[in-house]
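*Asks:* One structure is given below, represented as structure tokens, and several questions about it will come after.
The values are calculated or read from the model by the stated rules, or taken from the named source; none is laboratory data. Treat the numbers as computed from the prediction; the structure is a model and nothing was measured. Positions of Cβ are backbone-derived with ideal geometry, glycine not excepted, and every protein chain shown enters the neighbour counts. Accessible surface areas use protein heavy atoms only, side chains included; no ligands, DNA or RNA. Shrake-Rupley method; radii C 1.70, N 1.55, O 1.52, S 1.80 Å.
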Amino acid sequence: MRDAALQAGGTVYASAAISSRAQHTLSAEAVSVAFGGVRALDGATLSLAPGRITGLVGPNGAGKSSLFNVLAGSLRPDRGTVRLAGADITCAPVHARAHAGIARTFQLARELDSLTVLENLLLAAPVQPGESLGRLLFARRSVRRAEEEAIERALSLLTRVRLTRLADEPAGVLSGGQKKLLELCRALMLEPEILLLDEPAAGVNPALIEELCQFILALRDEGGTFAIVEHNMDMVAALCDHVYVLAEGRVLTQGSFDVVTADTRVREAYLGALQ
Ligand SMILES: Nc1ncnc2c1ncn2[C@@H]1O[C@H](COP(=O)(O)OP(=O)(O)OP(=O)(O)O)[C@@H](O)[C@H]1O
Ligand SMILES: [Mg+2]
């Protein structure tokens, strides 16, 4: 059902709840994307092992965010294939992938400034697509229960990132780092199986980064699959089970953090990007 919904372009919604313990591999095979004359991705191949945290590092402009966009469905590759559990989802739209359990955060947080922090999270809560309007009208009790559960989940997420006291403040008053944390919570409202985090620690208070890491590790231990783009190498070392290094749209190397950071080609790629 999940695959049928994806391949049909998301017009059919899968009815099964997404299990955080499901084990599906999301992969990109030889994907290329060009923006005019700029090759953002040039045959990049990557696979996110289920239940693991995969790091994606590389110099500015290497194509990391573009690869996330391709995996999440907001950018259609010129060439190459995206697969979920072996099924070709290259043409599946963002909402169908979200429904299949793929969520992502953005490098620049995308909160709605005039809504409160809590409202931003409730807006991200999954709707029940199987419900008809008539059923909804006559099933207020179950709707209320769903709302209560969403509020409970939102508040518990805010507690994990220490934003509870700001729950009723407009999101516009949050600092850059707090907005990144809200962005993470918004993605988690979907109870995703696979979460793509684009620079989750950018601007976050160093004192909170350790806690953020513990939170992500706990979610991984509950069965979540993560891909993380991050320039904070301490965080990559602490979190990632496997690391891909991207340079000029291609995977330069992959392996454990220690192995890839010892690779002279990786150092050269970072230095080259500074010239
Ligand atoms: N929408 C776009 N239009 C034009 N060029 C783009 C677009 N998005 C990305 N690019 C270009 O594609 C290349 C890869 O960009 P991308 O944002 O994927 O890099 P990145 O690895 O995420 O970099 P950073 O670490 O700075 O976030 C860059 O040269 C960038 O300028
Ligand atoms: Mg980026």
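*Asks:* To the nearest 10 degrees, how steep is helix 264-274 against the longest Cα principal axis of the chain, on a 0 to 90 scale?
*Replies:* Rounded to the nearest ten degrees, it is 80.
*Asks:* Once the Cα atoms of helix 206-221 and of the chain are each reduced to a long axis, what angle between those two axes, in degrees from 0 to 90 to the nearest 10, is obtained?
*Replies:* 80
*Asks:* Of all accessible surface on region 73-206 at a 1.4 Å probe, what whole percent is carbon and sulfur?
*Replies:* On the way: 3720 of 7070 Å².
Whole-percent figure for carbon plus sulfur exposure: 53.
*Asks:* Continuing with this model, one more query. Using the beta-carbon distance between LEU217 and ARG140 and R0 = 35 Å, what value does 1/(1 + (r/R0)^6) give for FRET efficiency, to the nearest 0.05? Working shown, then result.
*Replies:* Numbers: r = 40 Å, r/R0 = 1.13.
Once rounded, the FRET efficiency stands at 0.30.
*Asks:* Rounded if a/c is under 1.5, else prolate if a/b beats b/c, else oblate: with a ≥ b ≥ c from the C-alpha gyration tensor eigenvalues square-rooted, which is region 79-224? Walk me through the numbers before you get to the answer.
*Replies:* Working: a/c = 1.78, a/b = 1.08, b/c = 1.65.
It is oblate, given that a/c is not under 1.5 and a/b is not larger than b/c.
*Asks:* Given 0.36 nm per residue, what is the gain on full extension from SER114 to SER175 after removing their alpha carbon distance, in nm? Walk me through the intermediate numbers first.
*Replies:* Working: separation 61, 0.36 × 61 = 21.96 nm, distance 1.44 nm.
20.5 nm is the gain from fully extending SER114 to SER175.
*Asks:* Report in % the part of the accessible area of region 25-65 that belongs to carbon and sulfur, leaving out ligands and nucleic acids; probe 1.4 Å.
*Replies:* Numbers: 770 of 1470 Å².
Summing carbon and sulfur atoms, their accessible area is 52 percent of the total for region 25-65.
*Asks:* In addition: Mind ordering 59-66, 73-80, 216-223 by average Cβ neighbours within 10 Å, highest first?
*Replies:* 59-66, 73-80, 216-223
*Asks:* What is the distance, in nm, between label points placed 7 Å from the Cα along the Cα-to-Cβ direction at THR253 and at ASP88?
*Replies:* 3.4
*Asks:* To continue, here is another question. If you roll a 1.4 Å probe over the heavy atoms of the protein chains, what accessible area per residue do you get for the chain, in Å²?
*Replies:* Working: 13580 Å² over 275 residues.
About 49 Å² of surface per residue is accessible.
*Asks:* Report, in degrees rounded to the nearest 10, the 0 to 90 angle that the Cα long axis of helix 140-160 makes with the longest principal axis of the chain.
*Replies:* 40
*Asks:* What distance in nm lies between label points placed 7 Å from Cα along the C-beta direction at HIS231 and GLU268?
*Replies:* Each label point lies 7 Å from its Cα, and together they span 2.4 nm.
*Asks:* Let me ask you something else. Show me, bin by bin at 5 Å from 0, the whole-percent P(r) of the chain based on Cα pairs.
*Replies:* Per 5 Å bin, starting at zero, the Cα-Cα P(r) for the chain comes out as 1, 6, 12, 16, 18, 17, 14, 9, 5, 2, 1, 0, 0, 0 percent.
*Asks:* In nm, give the distance between the simple-model label positions of THR261 and VAL38, each being 7 Å from the Cα along the Cα-to-Cβ direction.
*Replies:* 2.9
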